[in-house]
Every structure is written in structure tokens, then in C-alpha cells.
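Structure first, then comments.
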Amino acid sequence: MKPLIGKEEIKNSEEFFQRIHQVEVDYFTYWKEHTLWHWEFWFSVALSIIPWLVWLLIRKRGSEARLLFAGGFTLCIASWLDFLGLVFGLWHYSGRVLPTIPSFFPWDFSLIPVSMMLWLQFKPSINPFIKAVFYAVLTSFIGEPLFEWIGLYTTVKWKVFYSFPIWIVIYLIAYRISKAKAFDPL
């Protein structure tokens with residue numbers, strides 16, 4: 001069967017893939033020798049597990065499904081934005097749990113969704129915009145600089161001020177998702 005895309009385009013695409021693949025192989029070798037089993041690896045593993053254990057202990061019983069739905073949205077958006085930031089050279093990570101995408105597993109799959117779920121259930125009667133601003137302050141001006149100071153996160157062409165409005169929007173959307181009345185039955 002003849003592909004719809006031209007052979008030249010397929011060949012060019014394959015050349016790019018081979019270059020990307022070689023960089024991934026080289027990074028895996030580096031990760032295996034310089035990160036795996038070192039302190040930053042174990043710290044990242046702890047950051048991947050401990051937030052979920054905390055959430056299991058202090059989550060609001062009976063609201064798990066709506067919180068997980070909002071947290072899942074946050075996880076997807078954080079991972080996607082993190083991927084874009086890495087691809088466009090805005091930042092990069094060291095001390096990774098896995099030498100693959102997602103860029104920084106503890107941030108995208110643990111710290112961000114769990115902190116969002118806990119923040120959503122904490123003082124639910126407070127104005128969501130005020131909570132969104134406070135969440136954005138915590139993540140942008142405390143979380144990101146803290147991880148940069150530790151050395152796990154390095155900004156290249158990014159300022160924490162850029163993150164601030166993004167976290168406000170993400171929080172407000174997650175808040176809206178968490179307030180969904182119900183899902184239709186299957």
C-alpha cells in the first residue's frame with residue numbers, strides 16, 4: 001500500500017526521529033551514571049509518593065471522584081505545558097525519576113495535582129479567585145524558585161512572573177471542574 005505522504009517527507013521525518021532517538025539514548029546513559037540511585041533521584045521518588053500518601057490521609061471523604069477529576073485535569077495540563085516548556089527550551093530538569101517524558105514526574109504527576117486537590121478542598125467557601133491568586137503565588141513565587149534553588153529545575157528563557165497568570169487560570173478551571181453537579185450515567 002502506498003502511503004499518502006511523500007517518500008521524501010517520510011525520509012526527512014525519519015532522520016529527525018533518529019536524531020531525537022540518539023539524544024534520548026545519550027541522556028539515558030547520562031541519567032544511569034549520574035542520577036540513578038543518587039540523592040536527587042531518591043528525593044524525586046519521595047516527591048512522587050509522599051504527596052499522594054498525604055492526600056489519602058487528609059482528603060475529603062465522599063469527594064474523591066470530583067477531586068480526582070479536577071486533579072487529573074491539572075495533571076494533564078501541567079504535563080502538557082511542561083513538555084512544551086522543555087521542547088521550546090524554556091527550562092529543564094535534573095534529578096529525574098525517569099529519563100523520559102514527562103520531564104519531571106514528581107512535579108507533573110504528584111505535587112501539582114495533589115496540591116490542587118488539597119487546595120480545592122481547603123476552605124471551600126473562600127472566593128475561588130482569591131484562592132487562585134494565592135495558589136499561583138505559592139506555586140510561582142515559592143515552589144518554582146525553591147526547586148531552582150535545590151537544583152532540580154533550571155529556567156533558561158522563563159520567569160516566575162510568566163507562571164503566575166497561568167496558575168490562576170488552571171486553578172479556576174480545576175475549581176469549575178470540581179463543582180460539576182454530576183455526570184450522566186453510562
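The values are calculated or read from the model by the stated rules, or taken from the named source; none is laboratory data. No experiment lies behind these values; they were computed from the predicted model shown. Cβ sites come from the backbone with ideal geometry, for glycine too, and all protein chains shown count toward neighbours.
Quick one: which residue in Ile112, Ile50, Ile126 is assigned to a loop (DSSP other than H, G, I, E, B) and either crowded, with 20+ Cβ neighbours inside 10 Å or at pLDDT 90 or above (or both)?
From the options Ile112, Ile50, Ile126, the qualifying one is Ile126.
So the check is Cβ under 8 Å with 6+ separation or different chains; which pairs have a first residue in the stretch 1-29 that's on the phi < 0 side of the Ramachandran plot and a second one that's of a type outside the set (A, V, I, L, M, F, W, C) and surrounded by 10 or more Cβ atoms within 10 Å (Cβ to Cβ)?
Note: pairs meeting the criteria are Glu24/Pro99; Glu24/Thr100; Tyr27/Pro99; Phe28/Pro99.
Could you count how many residues in the stretch 103-136 are β-branched (Val, Ile, Thr) and under 30 Å from Glu24 (Cα atoms)?
Qualifying residue count, the stretch 103-136: 2.
Can you tell me which residue within the stretch 26-39, out of those that are in a helix (DSSP H, G or I) and surrounded by fewer than 10 Cβ atoms within 10 Å (Cβ to Cβ), is farthest from the chain's Cα centre (by Cα)? Let's see the steps before the verdict.
Of all residues in the stretch 26-39, those in a helix (DSSP H, G or I) come to 26-34, 39.
Keeping just the survivors that are surrounded by fewer than 10 Cβ atoms within 10 Å (Cβ to Cβ) gives 33, 39.
Details: Glu33: 25, Trp39: 21 Å.
Looking at residues that are in a helix (DSSP H, G or I) and surrounded by fewer than 10 Cβ atoms within 10 Å (Cβ to Cβ), I get Glu33.
Restricting attention to the stretch 71-85, does a residue exist that is within 13 Å of Met117 (Cβ to Cβ) and surrounded by fewer than 14 Cβ atoms within 10 Å (Cβ to Cβ)?
Initially, the stretch 71-85 is screened for residues within 13 Å of Met117 (Cβ to Cβ), giving 71-75, 78.
After this cut, where a residue has to be surrounded by fewer than 14 Cβ atoms within 10 Å (Cβ to Cβ) as well, the list is none.
No, there is no match, as no residue in the stretch 71-85 is within 13 Å of Met117 (Cβ to Cβ) and surrounded by fewer than 14 Cβ atoms within 10 Å (Cβ to Cβ).
Kindly provide the set of residues from the stretch 58-109 that are over 18 Å from Tyr153 (Cβ atoms) and without any contact (Cβ under 8 Å) to a residue 40 or more places away in the chain, ordered by number.
Listed by number, the residues that qualify are Arg61, Gly62, Glu64, Ala65, Cys76.
Report, ordered by the first and then the second residue, all pairs with beta carbons closer than 6 Å, sequence separation of six or more or different chains, a first member in the stretch 153-180 that is in a loop (DSSP other than H, G, I, E, B), and a second member that is surrounded by fewer than 16 Cβ atoms within 10 Å (Cβ to Cβ).
Here the result reads Val156/Gly89, each pair linking the stretch 153-180 to a residue that is surrounded by fewer than 16 Cβ atoms within 10 Å (Cβ to Cβ).
Please specify each residue of the stretch 1-29 satisfying the condition of being of a type outside the set (A, V, I, L, M) and over 29 Å from Val97 (Cα atoms).
Let us first name the residues in the stretch 1-29 that are of a type outside the set (A, V, I, L, M), namely 2-3, 6-9, 11-19, 21-22, 24, 26-29.
If the condition is that a residue be of a type outside the set (A, V, I, L, M) and over 29 Å from Val97 (Cα atoms), then Lys2, Pro3, Gly6, Lys7, Glu8, Glu9, Lys11, Asn12, Ser13 are the ones that fit.
Within the stretch 94-109, restricting attention to residues that are outside any helix (DSSP H, G or I) and within 12 Å of the chain's Cα centre (by Cα), which residue is surrounded by the fewest Cβ atoms within 10 Å (Cβ to Cβ)?
Here is the first cut: in the stretch 94-109, the residues outside any helix (DSSP H, G or I) are 94-104.
If we keep only those that are within 12 Å of the chain's Cα centre (by Cα) too, we end up with 101-104.
Details: Ile101: 13, Pro102: 20, Ser103: 19, Phe104: 28.
For the stretch 94-109, the residue satisfying everything is Ile101.
Could you tell me how many of the residues in the stretch 40-92 are closer than 17 Å to Leu146 by Cβ, more than 14 Å from the chain's Cα centre (by Cα) and among the acidic types (Asp, Glu)?
Selection size over the stretch 40-92: 1.
Counting only residues that are among the hydrophobic types (A, V, I, L, M, F, W, C) and in contact with a Leu (Cβ under 8 Å, 6 or more places away or on another chain), how many does the stretch 135-186 have?
Within the stretch 135-186, the first condition is being among the hydrophobic types (A, V, I, L, M, F, W, C), and the residues that meet it are 136-138, 141-142, 146-147, 149-150, 152, 156, 158, 160-161, 164, 166-170, 172-174, 177, 180, 182-183, 186.
Now drop any that are not in contact with a Leu (Cβ under 8 Å, 6 or more places away or on another chain), which leaves 156, 158, 166, 174.
Qualifying residue count, the stretch 135-186: 4.
May I ask you to verify whether Thr100 is at pLDDT 95 or above and polar (S, T, N, Q)? Talk me through it step by step, then tell me what you get.
Working: at pLDDT 95 or above: no; polar (S, T, N, Q): yes.
Here the answer is no, as Thr100 does not meet what is asked.
Pick out the one residue from Trp55, Trp37 that is in contact with a Leu (Cβ under 7 Å, 6 or more places away or on another chain), modelled with pLDDT of 90 or more and not charged (D, E, K, R).
On the way: Trp37 fails: in contact with a Leu (Cβ under 7 Å, 6 or more places away or on another chain).
Result: Trp55 is the single residue among Trp55, Trp37 that is in contact with a Leu (Cβ under 7 Å, 6 or more places away or on another chain), modelled with pLDDT of 90 or more and not charged (D, E, K, R).
Of the residues that sit in the stretch 53-70 and are surrounded by 19 or more Cβ atoms within 10 Å (Cβ to Cβ) and of a type in the set (A, V, I, L, M, F, W, C), which one is farthest from Met116 (Cα to Cα)?
Step one: list which residues in the stretch 53-70 are surrounded by 19 or more Cβ atoms within 10 Å (Cβ to Cβ), which gives 55, 66-67, 70.
Keeping just the survivors that are of a type in the set (A, V, I, L, M, F, W, C) gives 55, 67, 70.
Numbers: Trp55: 11, Leu67: 9, Ala70: 8 Å.
Only one residue fits best here, namely Trp55.
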